[in-house]
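Reading through the structure tokens given below for one structure.
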Amino acid sequence: MNKKTIITILLACFTMTALAIDEYQFHSGTEVLKGRILNKPEDKWNIVSVRAYDLFMDKELIYTIPVAPDGTFEGSIHLPHSQSVLALGISDVFLAVGDTVEVTKDAAQDEYEGVTIGGHGTSADINRLWPEVRRHYFGGKRLFINGLATEDVPKWKSDMVKLMDTVIADMEADRLPLPAGTNAYVKEVMGASLLGELLMAFMENFRHNMTEGGNFYNFKIEDLGDYYDFLAGRERWLLDNPAMLLVTKDPSFLINYAGVYIMTDISMMHNRLDLGIRDDDNADDITYKTWKVLPRDYNANQHRRLLAMRQDTLLTMANYYQMASSAITSRYGLKRVGFLQQMVLCQNVFREDHIDEDSNPDNVAACFAAAMSLINNPIVAYHAVDRFRQYVKEHEGKATVATSSNPQADAVFKRIIEPYEGYALFVDFWDMGCAPCRRNMLDEREKVERLKDKPVRFLYVCNEKTSPRDYAEPWLEKNNIKGEHIYVSNEDWLLLNDKFQFNAVPFYIGVDKDGNIVPYDEVNRYVDE
């Protein structure tokens, strides 16, 4: 075989496996969402609330766009990467950074109905073409069947794999049902969205039909190998495909579910490697046992003690991640895992509920360094380094609360705290449907009583739509929950979500006597002081 033939073959292979969307298009940027609410009631649809995600740290991002009295709206949204977002009550909308998307919603129709999406460019093409492409392969049906009997799973699975192979074959042959001249970006997103929906159907089926009670963690890990045996040989399309970040429906669920139901070793192996904390353990021992992070400074006595814990072989975060990676490839018979595993690994390091007030920068740095030894995809590596830079700035510099500069949101919050000017404030955003919220309020009763004569006030803020007064007040009175109880409208609640970038509750902030925001991880210490 001559040199020219070899080069031709290599180029052909590269063309088959290379991503049509270049790496730069996975960077952050701003897009414009504009449009009109038709038949707008005077007292409703005053804002459009948009939910997006930073998928590299599993963090929800919230934006609100004011709606003018004539129903028109326009706002710039800065996204960490192109993605599908949810405009609440309107539709899923794909936003490629740098584009402008136009949305029209008829307020006289039910939520998520009476919507048209227009504009020009990549985003407009994807929003316009996706419904037809999906209908071509899947019809109008949902792929996941809730309540599928165990004996029917093999047939369902076989049908789904055949459908998956049809999509892959059409992608390889460049015969997706798209107009002539459709650009490579759009083709990649269409293909990934089809395969992403199929993969989600497999994970939904496993969750609902093959675990006890649909519990996330209530399954035998050895069952995964047989169920997901179709992954082998299809890695390039399902697991090592960066375009999965751009799927048109629920990208956050796709990656989260992959972490729990496919890359489960990264998320859960530590539960099976628990070294057991004792009452007489010192801080470095506890850090090693829980985080698998070694002390910064070498100490011979400590070294001997740590070696004894693991029978002469230290287990570090790097070892742990390598063990998890090997377990995944072995279980499914994979030659490579790549992008999706690295996304899950990145989330595991930077997910906000993993980095809490008990963490310290040294531990996070050690986990980040361990993860980077397995992250070689340039897209994931770029965002992982960027997330670590953000973490350092937030935790080793002057800590601040992430807030938006939305004047409407500022006005809502000012209206809430203005009556308590001169007091130090503990502000608790809560909901009656949130058990941890209610438990925290019960736990705070003693502190509220103890500080009642001090210049401190406890503000409990809830959404009157989900926690109406006639539902919340009987519980508050029965349980003697003192403090200032504030009910805000649903639109004001969404504006507060935007201002403080939270969606889940409970969420807390502090406000000092001068009106400055106190960061979440300093609230309790500040109130006590």
Handout entry: Yes/no for Met372 being open to solvent by 30 Å² or more (accessible area, probe 1.4 Å) and modelled with pLDDT under 90
Key = no
Practice task
Test Thr248 against the stated conditions and say whether it is polar (S, T, N, Q), within 28 Å of Val85 (Cα to Cα) and in contact (Cβ under 8 Å) with a residue 40 or more places away in the chain.
Solution key: yes
Completion exercise
Subset of the stretch 215-234, residues of a type in the set (D, E, K, R) and at pLDDT below 95, comes to Lys220, Glu222, Asp223, Asp226
Problem - Which listed residue, of Met244, Met200, is touching a Pro at 6+ places or on another chain (Cβ under 8 Å), buried (at least 17 other Cβ atoms within 10 Å of the Cβ) and at pLDDT 95 or above - result: Met244
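Residue by residue, here is whether (1) within 22 Å of Leu496 (Cβ to Cβ); (2) in contact (Cβ under 8 Å) with a residue 40 or more places away in the chain; (3) in contact with a helix residue (DSSP H, G or I) (Cβ under 6 Å, 6 or more places away or on another chain) holds:
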{"position": "Lys59", "(1), (2), (3)": "yes, yes, no"}
{"position": "Pro69", "(1), (2), (3)": "no, no, no"}
{"position": "Thr72", "(1), (2), (3)": "no, no, no"}
{"position": "Phe94", "(1), (2), (3)": "no, yes, yes"}
{"position": "Thr100", "(1), (2), (3)": "no, yes, no"}
Practice task
Go through (1) out of contact with any Phe, Trp or Tyr (no Cβ under 8 Å at 6 or more places or on another chain); (2) open to solvent by 40 Å² or more (accessible area, probe 1.4 Å); (3) assigned to a helix (DSSP H, G or I); (4) not aliphatic (A, V, I, L, M) one by one and return the number of the condition Thr166 breaks.
Solution key: (1)
Problem - Exclusive hit being buried (at least 18 other Cβ atoms within 10 Å of the Cβ) and within 24 Å of His136 (Cβ to Cβ), set Ala180, Ala192, Ala184 - result: Ala192
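State yes or no: is Phe429 more than 24 Å from the chain's Cα centre (by Cα), modelled with pLDDT of 90 or more and either over 30 Å from Pro361 (Cα atoms) or of a type in the set (Phe, Trp, Tyr) (or both)?
For Phe429, the condition - more than 24 Å from the chain's Cα centre (by Cα), modelled with pLDDT of 90 or more and either over 30 Å from Pro361 (Cα atoms) or of a type in the set (Phe, Trp, Tyr) (or both) - is not met.
Taking into account only those residues within the stretch 284-318 that are outside any loop (DSSP other than H, G, I, E, B) and without any contact (Cβ under 8 Å) to a residue 12 or more places away in the chain, which is nearest to Asn348 (Cα to Cα)? Give the steps one after another, and end with the answer.
As a first pass, look at the stretch 284-318 and keep what is outside any loop (DSSP other than H, G, I, E, B): 284-291, 300-309, 317-318.
If we keep only those that are without any contact (Cβ under 8 Å) to a residue 12 or more places away in the chain too, we end up with 286, 300-301, 303-304, 307-308.
Details: Ile286: 20, Ala300: 31, Asn301: 32, His303: 27, Arg304: 30, Leu307: 26, Ala308: 28 Å.
Checking each candidate, the answer is Ile286.
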Practice task
Examine the stretch 170-185 for a residue that is in contact with a Ser or Thr (Cβ under 7 Å, 6 or more places away or on another chain), part of a helix (DSSP H, G or I) and touching a residue at least 24 places away in the same chain (Cβ under 8 Å), and state whether such a residue exists.
Solution key: yes
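Tell me the residue from Lys482, Lys465, Lys499 that is open to solvent by 70 Å² or more (accessible area, probe 1.4 Å), under 29 Å from Val50 (Cβ atoms), touching a helix residue (DSSP H, G or I) at 6+ places or on another chain (Cβ under 7 Å) and basic (Lys, Arg), please.
On the way: Lys482 fails: under 29 Å from Val50 (Cβ atoms); Lys499 fails: open to solvent by 70 Å² or more (accessible area, probe 1.4 Å).
Residue meeting the stated conditions: Lys465.
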Fill in the blank from the handout: The condition from (1) surrounded by 13 or more Cβ atoms within 10 Å (Cβ to Cβ); (2) over 24 Å from Ser325 (Cα atoms); (3) without any contact (Cβ under 8 Å) to a residue 60 or more places away in the chain that Arg207 misses is numbered (2)
Exercise for the section: Considering each of Asn205, Asn183, Asn241, Asn282 in turn, give the residue that is closer than 28 Å to Arg310 by Cα and among the polar types (S, T, N, Q). Expected result: Asn282
Fill in the blank from the handout: Listed by first then second residue, the pairs whose first member lies in the stretch 407-429 and is under 14 Å from His485 (Cβ atoms) and open to solvent by less than 80 Å² (accessible area, probe 1.4 Å), whose partner is among the hydroxyl-bearing types (Ser, Thr, Tyr) and not in a helix (DSSP H, G or I), with beta carbons under 8 Å and at least 6 positions apart or on separate chains, are Phe426/Tyr508; Val427/Tyr508; Asp428/Tyr460; Asp428/Tyr508; Phe429/Tyr508
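The values are calculated or read from the model by the stated rules, or taken from the named source; none is laboratory data. Keep in mind that what you see is a predicted model, and the values were worked out from it rather than measured. Cβ coordinates were reconstructed from backbone atoms using ideal geometry, including for glycine residues, and neighbour counts include every protein chain displayed. Heavy atoms of the whole protein, side chains included, go into the accessibility calculation; ligands, DNA and RNA do not. Shrake-Rupley method; radii C 1.70, N 1.55, O 1.52, S 1.80 Å.
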